[in-house]
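Step one of this worksheet: look at the structure below.
The values are calculated or read from the model by the stated rules, or taken from the named source; none is laboratory data. None of the values given here were measured: they were computed from a predicted structure. Cβ atoms come from the backbone with ideal geometry, glycine included; neighbour counts cover every protein chain shown. Side chains included, ligands, DNA and RNA excluded: accessible areas come from the protein's heavy atoms. Shrake-Rupley method; radii C 1.70, N 1.55, O 1.52, S 1.80 Å.
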Amino acid sequence: MTNIRTNFLIFSFLFCSFCDAQTTKNQEPISIIVNDWSSQIVLAHITGNILNSVGYKTKYSFSTINEQWGSLSQGIDHVQVEVWEGTMSAMFERVIKSGSVLDAGSHEATTREEWWYPTYVEELCPGLPDWRALKKCSALFSNDNSSIGRYVAGPWEKPEAARIRALDLNFKIDTVKKADDLWSELKNAITHNKAIVLFNWSPNWVEAVYEGKFIEFPEYHIDCEIDPKWGVNPDFHYDCGNPKNGFLKKAVWAGLKEQWPCAFDIIKNINFNNENISALAAVVDFKKLSYEQAATQWLNENKSIWQQWISQNCKAGNIP
Ligand code: TMO
């Protein structure tokens with residue numbers, strides 16, 4: 001009697017804890033990374049809402065682009081919806097190789113991250129967008145009446161100092177703390193018709209609102225980063241610009257595929273083009289809606305698009 005009872009208890013304990021573990025695992029929130037620029041945050045919220053619509057729990061987790069790879073590799077965070085080639089390819093390729101992170105496919109959008117100016121600056125500094133014009137006009141970009149120009153950099157690591165040295169530009173770097181600081185610098189310069197050159201990227205809200213161009217540095221080539229002899233300066237690396245037509249990818253923690261298979265399918269299908277992303281960023285940075293409002297508005301207006309990203313066997317209530 002005691003034996004049967006004990007066996008039953010052990011059996012039910014094992015059996016139920018197994019069941020619970022399965023459902024609990026599936027119902028754990030999927031952690032979506034949010035970074036510090038608007039389109040990424042809106043896309044993260046769009047992704048979260050789509051995953052919620054089929055029954056998954058989600059949460060948002062702030063991370064810098066440098067710190068995110070550790071938490072994504074360890075399964076502390078699970079989804080990154082905007083992997084930019086220009087700022088992230090080196091780390092991305094490393095975690096893909098290690099097997100801890102999966103490439104969840106590319107968006108249609110192509111990307112560029114580079115020095116940028118509003119078009120009227122061409123009248124002040126003829127020869128732009130060719131980078132050699134900056135050599136003659138550095139004083140125009142000065143903020144302290146010196147001959148040294150000021151480049152306003154974003155809070156994301158780029159080889160700017162190396163480029164300035166390799167191309168022998170008379171410029172100093174002023175690094176702002178957040179994206180909004182770039183935009184207030186830009187608006188201030190435009191208001192006063194003052195020369196400015198700052199970090200910008202595409203797709204972004206700026207191109208939806210202002211006319212401007214990227215500086216054309218010598219065309220990027222991988223050898224520019226690894227062989228000093230390559231390019232206009234035989235002594236230094238980085239005598240070139242950032243890549244043009246860079247990729248924009250999605251990445252997930254490798255375990256996501258087994259733990260939340262429908263989520264994996266959905267994330268692979270998520271796809272935005274340049275216009276979509278630029279418009280979504282403008283809704284926040286120009287029209288001043290919140291990230292969540294921008295996401296909800298897009299979801300309401302584009303049901304036919306995002307519902308196609310959900311495969312038949314993953315419709316609500318039926319998620320494996
Ligand atoms: C990573 N970013 C899009 C801000 O250049």
TODO: Please work out which residue is farthest from N273 (Cα to Cα), limiting yourself to the range 82-93 and to residues that are among the charged types (D, E, K, R) and either touching a strand residue (DSSP E or B) at 6+ places or on another chain (Cβ under 9 Å) or open to solvent by less than 50 Å² (accessible area, probe 1.4 Å) (or both).
DONE: E85
Task: Given (1) in contact with a Cys (Cβ under 9 Å, 6 or more places away or on another chain); (2) assigned by TED's automatic domain parsing to the domain that holds W253; (3) of a type outside the set (G, A, S), number of the condition Y117 does not satisfy - done: (2)
Task: Scan of the range 169-206 for residues that are among the acidic types (D, E) and within 13 Å of the ligand (Cβ to nearest atom), ordered by number - done: D180, D181
- [ ] Write out, first by first residue and then by second, each pair whose Cβ atoms fall under 9 Å of each other, whose residues are 6+ apart or on separate chains, and whose first residue, in the range 137-160, is β-branched (V, I, T) while the second is in a loop (DSSP other than H, G, I, E, B) and open to solvent by less than 40 Å² (accessible area, probe 1.4 Å).
- [x] I148/S142; V152/V176; V152/I196
- [ ] Out of the residues in the range 123-136 that are surrounded by fewer than 16 Cβ atoms within 10 Å (Cβ to Cβ) and touching a residue at least 12 places away in the same chain (Cβ under 8 Å), state the one that is farthest from the chain's Cα centre (by Cα).
- [x] L124
Task: Near pairs, Cβ below 9 angstrom, 6+ apart or cross-chain, from the range 291-320 (closer than 19 Å to G55 by Cα) to any residue that is basic (K, R) and at pLDDT 95 or above - done: W309/K268
Open item on the list: Need a quick list: strands (runs of 3 or more DSSP E) entirely within the range 197-278 having at least 1 residues that are within 24 Å of A166 (Cβ to Cβ), in contact with a helix residue (DSSP H, G or I) (Cβ under 7 Å, 6 or more places away or on another chain) and among the polar types (S, T, N, Q).
Closed with: 197-202
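So that you can scan it fast, the table gives a plain yes or no per residue for (1) farther than 28 Å from W183 by Cβ; (2) within 20 Å of the chain's Cα centre (by Cα); (3) touching a residue at least 60 places away in the same chain (Cβ under 8 Å); (4) surrounded by fewer than 19 Cβ atoms within 10 Å (Cβ to Cβ):
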site: K229; (1), (2), (3), (4): yes, no, no, yes
site: D239; (1), (2), (3), (4): yes, no, yes, no
site: N242; (1), (2), (3), (4): no, yes, yes, no
site: L248; (1), (2), (3), (4): no, yes, yes, no
site: I267; (1), (2), (3), (4): yes, yes, yes, no
site: N273; (1), (2), (3), (4): no, yes, yes, yes
